[in-house]
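The values are calculated or read from the model by the stated rules, or taken from the named source; none is laboratory data. If you're wondering where the values come from, they're calculated on a predicted model, not measured in any experiment. With ideal geometry, Cβ positions are generated from the backbone for all residues, glycine too; neighbour counts draw on all protein chains shown. Quick note on the areas: whole protein, heavy atoms, side chains included, nothing else; ligands and nucleic acids left out. Shrake-Rupley method; radii C 1.70, N 1.55, O 1.52, S 1.80 Å.
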Amino acid sequence: MPVSVFITRGVSGLLVFALTITGLVTVGAPASAAEERYAPPASGVWEVDGRGWGHGIGLSQWGAKGAAEQSRTYREILDFYYPGTTMGPTSNPVLRVGLSAPGLIPTASVEVWNPPGQNLLFLESPGARRDDLGAGWLTVKRSDSEYVVERRRTFDGPVVETVTRAGNQLTITSGDGVVVAKGRRAAEGTWYRGAIRLAASTTAGTFDVVNDVRLEDYLRGVVPRESPASWPIEALKAQAVAARSYVLAEGRRGHNFDTCDTTACQVYGGRATVAWDGRVTWAKESSRTSRAIGETAGEVRMYGGAVAFTQFSSTNGGYSRQGSKPYLVARPDPYTGTATGDTRTRWTDTLAVSTVQAKCPSGGRLLNLVIVRRDGNGELGGRITEARVECTTGSRTLTSTGDLAFGMFSHWWRPVDQPGTFYLNDTWSGTANIEFRHGMPADEVYVGDWDGDGIDTVALRRGHIFSVRNSNTPGPADTTFGYGRPGDTVLVGDWDGDGTDTLAVRRGSFYHIKNSVSAGEADLIVPYGRAGDEVLVGDWDGDGDDTLTVRRGNAYYVKNTIAGGEADQVVHYGRSGDVTLAGDWDGDGNDTFAVRRGHIYHVKNTMSGGEADIVQPYGRPSDEVYVGDWNGDRRDTLGVYRRA
């Protein structure tokens with residue numbers, strides 16, 4: 001199934017300009033009241049903006065991580081994702097797990113051998129004595145109504161013993177599980193706890209390979225496959241309880257097995273991968289996930305006197321989807337999208353015309369892709385619930401989530417316009433020397449030195465989620481995190497002088513300042529100015545700390561500390577109708593002002609009134625303008641963004 005925020009000193013004034021002057025706001029799209037029609041683009045692909053990974057019902061695994069990072073306990077996490085359920089006890093029954101992932105449901109043969117530290121293999125079948133075989137490799141096949149077992153002492157040695165067992169079932173054990181591989185001479189196999197049971201399938205000459213394993217041991221092979229073991233322990237405990245409850249409630253009971261080992265049930269990897277010579281090449285269990293399982297042993301979620309059907313998926317995209325049970329509700333999720341490292345709650349992709357055209361009846365050519373309905377929940381208008389392909393051979397309606405996903409992470413997506421283009425200039429000239437396409441039409445843009453390397457780069461905001469890129473090139477975010485609320489005014493600055501820019505959000509005259517590129521509570525809350533003031537950020541006195549200035553008309557009330565109270569300096573510059581930017585234009589360590597009139601910039605290198613020191617044309621009057629040190633030379637210059 002499966003990563004923060006930007007600015008350099010002197011950029012934040014521009015950021016305020018981008019937010020408060022041009023009025024950029026991100027809002028969720030309304031539920032579609034009309035069909036969306038998309039003709040095939042000449043490029044042969046649609047650029048797609050998407051949300052979530054998986055079905056989105058029940059627990060969001062990335063949301064659980066985000067909640068744990070916000071100090072929520074596993075019980076609080078489960079209470080949120082399964083409202084109305086309660087914690088209850090269960091025993092430790094034996095589960096019958098069909099091993100379909102290695103291709104053993106069904107199979108005509110299987111290879112098994114003893115795991116490290118074990119010198120015997122045991123064969124058992126109903127109504128027959130147990131055979132105690134020495135260590136070695138067993139090749140098992142089915143002939144008519146019996147199993148034929150060939151034993152070799154060495155990996156590539158001759159058969160030294162053949163055992164036949166009549167009946168439909170044969171169980172193989174050792175003192176500590178069994179290693180299983182699909183074919184003869186397999187270089188590696190999977191070590192499973194418990195027993196391996198072979199059960200005749202409905203196809204002649206074949207059988208199903210089933211791992212009979214205790215519930216708590218089964219979970220040791222599930223939880224680290226479903227949630228990375230490095231995640232917070234409370235998120236892992238929530239996953240353990242959800243997985244335990246799910247397998248007991250899923251109701252897949254079949255003829256030979258209760259559950260499977262793939263995403264169709266829960267991903268179960270067994271204990272380890274073992275080479276033919278007994279070496280453990282991949283220990284699939286983890287001490288951290290085993291701890292989470294142990295600390296929640298026997299705990300399940302209950303509803304109406306029965307174990308709850310605790311579905312889960314990688315990420316619900318910020319809005320859960322309605323499931324088949326009263327506690328599987330559709331609602332906004334404040335935790336999903338906030339976890340460090342989350343690159344799947346919001347994603348971009350390309351959808352090839354040929355992929356959609358493959359849905360056309362009778363091999364026709366695609367004329368239009370039509371999104372007929374969405375559920376109206378969350379961004380982009382919500383998940384697609386019905387689509388139609390209009391083709392030269394007729395139309396076809398699509399309603400299954402698999403069809404509607406077209407092979408992407410989920411069925412919650414929307415074709416988008418091409419990204420806008422950034423034109424950045426390292427010098428005071430009229431020509432850009434850095435050009436790249438990045439972002440979506442509704443994104444808010446922020447600039448900062450997010451990693452402290454001295455170079456400013458771009459961050460994009462969608463709602464309260466910030467996607468940070470640490471180079472001025474196109475591509476996926478290096479870090480994503482949530483901060484503040486979707487409607488907050490955002491500022492960027494190096495508030496503590498550590499060389500890294502971070503965020504502050506403004507609510508009225510209060511500023512909620514964060515000193516790290518991460519989610520969580522503000523480190524400092526300070527009042528300054530009035531609720532209606534325009535605000536700029538900069539290092540006005542060259543001490544390395546960015547602070548606030550409020551503007552009223554052409555008067556700037558400059559504060560040199562992060563504190564309330566009176567201004568330390570009042571500067572008059574420009575006209576009251578000017579757009580104001582802030583930056584360290586000459587590299588002396590002090591941020592000063594520039595005013596924009598159309599596409600002409602009047603730059604002042606001192607905190608004083610008077611004539612501009614530089615007058616420079618750049619870009620177009622309609623461009624969005626950003627300020628940054630694009631090349632690490634300690635001088636801020638201009639960049640513009642043109643939306644597609």
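Net charge of the neighbourhood of Ser410, taken over other residues with C-beta under 13 Å away and scored Lys/Arg +1, Asp/Glu -1, is +2.
Accessible area per residue for the chain is 38 Å², calculated with a 1.4 Å probe on protein heavy atoms, without ligands, DNA or RNA. Sequentially through the range 448-463, phi angles give Karplus couplings (6.51, -1.76, 1.60; θ = phi - 60°) of x, 9, 6, 10, x, 8, x, 10, 7, 9, 9, 10, 10, 10, 10, x Hz, Gly and Pro residues having no value and appearing as x. Cα centroids of the range 259-291 and the range 115-174: 23 Å apart. Taking every Cα-Cα distance in the range 99-253 and sorting them into 5 Å bins from zero, the calculated P(r) comes out as 2, 9, 17, 20, 18, 14, 9, 6, 4, 1, 0 percent.
Glu124 exposes around 80 Å² of accessible area when a 1.4 Å probe is run over every protein chain in place. Calculated [222 nm] ellipticity per residue, helices only, for the chain: -3000 deg cm²/dmol; basis is -39500 (n - 2.57) per DSSP H run with n ≥ 4, divided by all residues, nearest 500. Amide H contacts for Asn605 (H built 1.01 Å from N in the peptide plane; partners 5 or more residues away or on another chain; cut-off under 5 Å): Asp613. Its Cα centre serving as origin, the chain has a Cβ charge dipole (Lys and Arg +1, Asp and Glu -1) of approximately 3120 debye. Here the Karplus curve 6.51 cos²θ - 1.76 cosθ + 1.60, taken at θ = phi - 60°, turns the phi angles of the range 478-487 into couplings of 7, 8, 10, 7, x, 8, x, 10, x, x Hz, with x standing for Gly and Pro. Rolling a 1.4 Å probe over the protein heavy atoms leaves His572 with an accessible area of roughly 100 Å². Evaluated at q = 0.07, 0.10, 0.11 Å⁻¹, the base-10 log of the normalised Debye intensity for the chain, with identical point scatterers placed on the Cα atoms, takes the values -0.59, -0.97, -1.07. Accessible area ranking (1.4 Å probe, heavy atoms, ligands and nucleic acids excluded), largest first, for Tyr38, Tyr446: Tyr38, Tyr446. Taking only alpha carbon atoms, the range 459-505 gives an Rg to Rh ratio of 0.98, where Rh is the Kirkwood radius. Counting only protein heavy atoms and a probe of 1.4 Å, the accessible surface of the chain is 49% carbon and sulfur. Summing +1 for each Lys or Arg and -1 for each Asp or Glu among the other residues whose beta-carbon sits under 11 angstrom from that of Ala204 gives 0.
Near the amide H of Trp282, within less than 5 Å, lie the amide hydrogens of Thr273, all on another chain or at least 5 residues away, with H placed in the peptide plane. Over all orientations, the range 566-631 has a Cα convex hull whose mean projected area works out to 5.3 square nanometres.
Compute the signed sum of charges (Lys and Arg +1, Asp and Glu -1) over the other residues within less than 14 Å, Cβ to Cβ, of Tyr74. Residues near Tyr74 contribute +2 overall. Along its first, second and third principal axes, ordered by size, the range 491-644 spans 41, 32, 32 Å in Cα coordinates.
Between Thr281, Leu120, Val159, the Cα set farthest toward the positive side of the dipole of the chain (charges on each charged residue's Cβ, about the Cα centre) is that of Val159. The accessible area of Glu534, taken with all protein chains in place and a 1.4 Å probe, comes to roughly 40 Å². In terms of distances greater than 21 angstrom between alpha carbons, the cross-link table entries Lys514/Lys559; Lys65/Lys325; Lys237/Lys514 yield Lys65/Lys325; Lys237/Lys514.
If only the Cβ of Lys and Arg carry +1 and only the Cβ of Asp and Glu carry -1, the dipole of the range 28-129 around its Cα centre is close to 360 debye.
More than 18 angstrom separation, counting every C-alpha pair in the range 255-414; what % is that? In whole percent, the long-distance tail amounts to 74. Taking label points 7 Å from Cα along the Cα-to-Cβ direction, Ala531 and Arg331 give a separation of 3.0 nm.
Legend: translational diffusion of the range 444-529 by Stokes-Einstein, Rh = Kirkwood radius over C-alpha pairs, 20 °C, 1.002 mPa s; D = 164 µm²/s. Spin-label model, Thr340 to Ala264: label points 7 Å out along the Cα-to-beta-carbon direction sit 3.9 nm apart.
Surface listing: Glu35, Glu444, Glu216, Glu161 arranged by accessible area from highest to lowest gives Glu35, Glu161, Glu216, Glu444, probe 1.4 Å.
Excluding same-chain neighbours fewer than eight residues apart, the lysines reachable from Lys182 by a Cα-Cα span under 20 Å are Lys141, Lys284. With the convex hull drawn over the C-alpha atoms of the range 237-310, the volume per residue is 118 Å³.
For the range 567-584, the Karplus equation 6.51 cos²θ - 1.76 cosθ + 1.60, evaluated at θ = phi - 60°, returns couplings of 5, 7, 7, 10, 10, 10, 8, x, 10, 5, x, 5, 8, 10, 10, 10, x, 8 Hz by residue, with Gly and Pro reported as x.
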